[in-house]
Every structure is written in structure tokens, then in C-alpha cells.
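Worksheet for the structure shown next.
What follows is calculated from the coordinates using simple rules that are stated; it is not laboratory data. Values in this document were obtained by computation on a predicted structure and should not be read as measured data. Please note: Cβ atoms are built from the backbone with ideal geometry, for glycine as well, and neighbour counts cover all protein chains shown.
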Amino acid sequence: MTKANDIKKEILSLVRKYHTEAHGPSEFIEGITRISYGGRVFDHKELTNLVDSALEFWLTTGRYSYMFETHLAEFLGIAHCILTNSGSSANLLAISALTSEKLGDRRIQKGDEVITVAAGFPTTVTPMLQNGLVPVFVDVTLPTYNIDVAMLEEARSSRTRAVMLAHTMGNPFDIESVLRFCEKHDLWFIEDNCDALGSKYDGKFTGTFGHIGTQSFYPPHHITMGEGGALYTGDPLVKRLIESFRDWGRDCHCASGRDNTCGNRFSQKFGELPVGYDHKYVFSHFGYNLKVTDMQAAIGCAQLEKLPLFISSRMKNWNMLHEGISSLADRFILPEPTKNSIPCWFGYLFTLREGAGFTREDIVSHLEARGIQTRMLFAGNLVKHPCFDGLRKRGEGYRLAGDLSTTDKIMRNTFWIGVYPGITEKMMEFVIRTIHGFFYKR
């Protein structure tokens, strides 16, 4: 192996040199260089980790995966982190785990209701429908873009079993009110933290207040593995259920490549199987295969080292933009952090005020034409999308708790731009000038 190790060192040295030549910084040219809403920020460490993992050729979940899970759990201050292949899968696993019969009377069953919002990304809601649950949609408030907690009691029914909400664009929702509501009615509480890694509420990281938190590592997110996601929980039983649904539904909890961790692999009785049936092939749930590869996790480990810098960079960019356009508060509803929170922003939201004198399409076209990428607030109002047409026609599958007037306003009048660490101060100055320039021309 000595010769192999020498070759490996040479390869990794060349990878570092390759990064310098192929991915080094480029000059920013105003109006020419694209300012993306989000993207990968990396150095040679991500590439060398990726190649190191490839040379090991373990491929599936392995040492980098376990390293990432351990370090992210330590960073967040929570007991358990479970990696999966995407944030969407993380949300699917969060809901699926709570349907397990191993939870007894607390399990969620078909026809049960989950309180959520329609102003967000669909994969917060999709797992509810896929598991036969009924999403109950509550309106949001401006300027936080999060759930109107005053509507929680009105949204609840005898079938309500859970609340699942995302921290919109990194801005924490009113966790204190939601947590109090869930504790009062003995409800499951799931935090979709996919856009909020590093955000804090009452001095504690978001995603760690609920029974389960979920995370995405898609390239525009706070850190990336290309594809990838995670769940975290303080409950060891919930951890086991998540792992079971992620790993084909198996009952065995042995790590990949390991056997007989429990010491009872051939001595237990399950269902109607014969006594001693191999525990590695006992299935307690109808699960999936949603594991991450170790090559993805290797990238994530390098990204995780940069997370504190990424958090501070996002906050700096958001604050610079907020200050730079504060004089336009008569034209836009500008975002505000939720009380008692420190958001790690995913982006900067604009909502046109009534009678603004221009349309969203006007300002978005102005920005896009000058190389500044924009996005809508995801679905706007999810129930207005084609995927809900069949449910709406049949009058089934979901319920509205009151009207969604603010959600509809977001659908018509809201857009956002990026604040990710790849945006330099020079770029942000150009963004601010370009926004103001739209009004100079009018």
C-alpha cells in the first residue's frame, strides 16, 4: 500500500493545482457577469475530498457520511443526524417515520391532518399527500412571510396530528407560539429547515426545536453536496424509524458493511418468520432506498468546515442590501426578522406595495436584463398549481383554514434575489445601484 499511498498523494496534489487553474476567481464585469441567486462556493478541499472518496471506491454510505452526521449534530447541538439523498427525501422520511406502528397511539394514520402553509416549496407538503394525510393550509403574515400563528387554533380539528412548517427563506417562524400549540394538543412538530441552516431562534439553532428537523444540500443552499439532505432529532426511537424507512424498511440497524451489531442476528422472532431468521433481512416498514453516497458526504464534510463563514457572509450581504434599499420602503414591503430571531437568510424578499406604479414583471425584467437572477417565492400559492387540480375538482385531499389572501399577494407581487456567499461586496453594490436605477428611469 505504500506505493498506492504515494500515488494517492500525488493525485490529490494535482487536484489542488487543478482547482487553482480551473476554478480560480474571475473578474466581475457589471452587467455581463451573472449574479446568481445561489450556487456552489468551494475550494480545493471539496475536490480533494471527492477524489479521495472516489479512490477508496466505497461508493455508498461510509466513513465520510458518518463523519458528516457526527459533525453536523455537534454543530447544531442535537443528538442525532441522519443523512439522505435530498431535502425532499428528508421531508418524505420525516412524515413516513411518524406513520410507523412502532409509535403506538401516537402514529399518524391516513386521513389525519397536518397544519402547514401554501406559501412555500411543494416538497414540504407533498409527503403528506403521498402518505394519505390531509394538509391544512393557513395564511402567512408580512413582512416575516411565515405562518399566521393566530390561525392555529382555528386550523385544528379532531384529526389534527402534526404541524409541519418551513422557516421561510431562512427567517424563523414564531417557534414559541407553534411549540406551545403543539405541546398543548400533543402534536408532532416537524421543522423544514432546508432554507435556514444556521438561523437561530431564542439563541438556539432552528431545526432543533421540533421532534424532527430536515435539511437540504442542493447547490443553492447554505452548504451543498450537489444533491443531499439530512434529518435530525433528539429522539432515539424516531432516529431508528427514519433510518428504517431510508434503508428499505429494514428492522436491522447495522451500519453499511457491518453485521450483527445487536448480537442477536440469528436468535430473534419477527412476525410469522421462523425463529432466527437473519435480522439483516427483516423488514418492519414499507421503506425506500434514500441513502446518500459517500462521495457526496465527502464534499459535505469540506463544506461543513466553511459553514460559520457562509453564515456570516449571508448575514453581511443581506444587511448590506437591506440598508442600501431602505429608502424604497414606500415601494416595497421589505422583509423583517421574526422577533427573537437571528436569521441566516436564504435570499432577500421584495413584495410590491399596492399602487406601487409598476408590476413585478417590470422590476424583474429590469434586473434579469442586467444579469441579476431573480426567483419567485417558490410556489407562491401551492393550491393554485396544476398538481392540485384533481384534488380541487373532487373537493378532497386538503383543507383551507380561512382565506389565503396574503399568500395570494405573495403569488402576485413577491420576488427575491440572492445573498449567498458567492456574491461579493462589489456585486452587491451593483445590485443596489441597479434596483435604484429602475426608479430613476421612471
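For a footprinting-style exposure proxy, rank CYS344, CYS254, CYS301, CYS194 by other Cβ within 10 Å, fewest first. Mind showing how you got there, number by number?
Numbers: CYS344 26, CYS254 15, CYS301 21, CYS194 30.
Arranged by neighbour count, lowest to highest, CYS344, CYS254, CYS301, CYS194 become CYS254, CYS301, CYS344, CYS194.
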Note to self: Run through region 87-181 and list the chymotrypsin sites (Phe, Trp or Tyr not before Pro) located in a DSSP loop whose Cβ has at most 10 other Cβ atoms within 10 Å.
What the structure shows: none
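Take the alpha carbon gyration tensor of region 177-276, find the square roots of its eigenvalues, order them as a ≥ b ≥ c, and report rounded if a/c is under 1.5; if not, report prolate when a/b exceeds b/c, else oblate.
oblate
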Note to self: Given a Förster distance of 51 Å, report the FRET efficiency between ARG107 and SER405 from their Cβ-Cβ distance, rounded to the nearest 0.05.
What the structure shows: 0.90
Notebook entry, point to check: To the nearest Å, what is the center-to-center distance of region 375-442 and region 185-233, using C-alpha atoms only?
Noted result: 21
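With a Förster radius of 25 Å, plug the Cβ-Cβ distance of SER158 and ASP202 into 1/(1 + (r/R0)^6) and report the FRET value to the nearest 0.05. Intermediate results must be reported in sequence, preceding the final value.
Numbers: r = 31 Å, r/R0 = 1.25.
Calculated transfer efficiency: 0.20.
Within region 89-235, what percent of beta bridges assigned by DSSP are antiparallel, to the nearest 5? Present the calculation step by step, with values, prior to reporting the outcome.
Numbers: 8 of 24 bridges.
In region 89-235, DSSP labels about 35 percent of beta bridges as antiparallel.
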Check: In a Debye calculation with equal point scatterers on the alpha-carbon sites of region 306-440 and no solvent, what is log10 I(q)/I(0) at q = 0.11, 0.12 Å⁻¹?
Finding: -0.49, -0.57
Next item on the list: Let me know the charge dipole size of the chain about its Cα centre in debye, to the nearest 20, where only the beta-carbon of Lys, Arg (+1) and Asp, Glu (-1) is charged.
Entry: 380
Margin query: I need to check one value: relative contact order of the chain, counting alpha carbon pairs closer than 8 Å and at least 6 residues apart, in percent.
Written below: 23
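What is the packing order of peptides 270-278, 153-161, taking the mean over residues of other C-beta atoms within 10 Å and listing the highest first?
Values: 270-278: 11.1, 153-161: 15.2.
Output ranking for 270-278, 153-161: 153-161, 270-278.
Using 0.36 nm per residue, how much length does the chain from LYS184 to TYR440 gain when fully extended, once their Cα-Cα distance is taken away?
Working: separation 256, 0.36 × 256 = 92.16 nm, distance 5.29 nm.
Working it through step by step, the gained length comes to 86.9 nm.
Could you check what % of the DSSP bridge pairs in the chain are antiparallel, to the nearest 5? Mind dumping the intermediate values first?
Working: 25 of 44 bridges.
Percentage antiparallel, nearest 5: 55.
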Checklist line | Per residue convex hull volume, Cα atoms of region 88-143, in Å³ | finding: 86
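How would you rank 207-213, 218-224, 335-341, highest first, on the average number of other Cβ atoms within 10 Å across their residues? Show your work: numbers first, answer last.
Details: 207-213: 24.7, 218-224: 21.3, 335-341: 17.6.
Per-residue Cβ counts within 10 Å, averaged per peptide and sorted highest first, yield 207-213, 218-224, 335-341.
Using only C-alpha atoms and all pairs of different ones, pull out the Kirkwood radius for region 52-103 in Å with one decimal.
Numbers: mean 1/r = 0.0774 Å⁻¹.
Final number for the Kirkwood radius of region 52-103 is 12.9 Å.
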Margin query: Kirkwood Rh and Cα-based Rg: tell me the resulting Rg over Rh for region 51-296, rounded to two decimals.
Written below: 0.98
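Decide, for the chain, between rounded, prolate and oblate: order the square roots of the alpha carbon gyration tensor eigenvalues as a ≥ b ≥ c, take rounded if a/c falls under 1.5, and otherwise choose prolate if a/b is larger than b/c, else oblate. Present the calculation step by step, with values, prior to reporting the outcome.
Values: a/c = 2.30, a/b = 1.17, b/c = 1.96.
Oblate shape, in that a/c is at least 1.5 and b/c is the bigger or equal ratio.
Using packing as a proxy for protection, rank 111-120, 60-69 so that the peptide with the highest average count of other Cβ atoms within 10 Å comes first.
Working: 111-120: 24.6, 60-69: 20.3.
Averaged packing, sorted descending, gives the order 111-120, 60-69.
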Checklist line | region 367-442: chymotrypsin sites (Phe, Trp or Tyr not before Pro) falling in loop per DSSP and having at most 15 other Cβ within 10 Å | finding: none
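Express as a percent, rounded to the nearest 5, the fraction of DSSP beta bridges in region 51-296 (both residues included) that run antiparallel. Numbers along the way, then the final one.
Numbers: 15 of 31 bridges.
Approximately 50 percent, going by the DSSP bridge assignments.
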Next item on the list: Give me the distance in nm between label points sitting 7 Å out from Cα along the Cα-to-Cβ direction at LYS17 and THR60, one decimal.
Entry: 3.7
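If you take the C-alpha gyration tensor of region 223-314, multiply each eigenvalue by 5 and take the square root, what semi-axes do you get, largest first, in whole Å? Mind dumping the intermediate values first?
Working: eigenvalues 236, 33, 27 Å².
That gives 34, 13, 12 Å for the three semi-axes.
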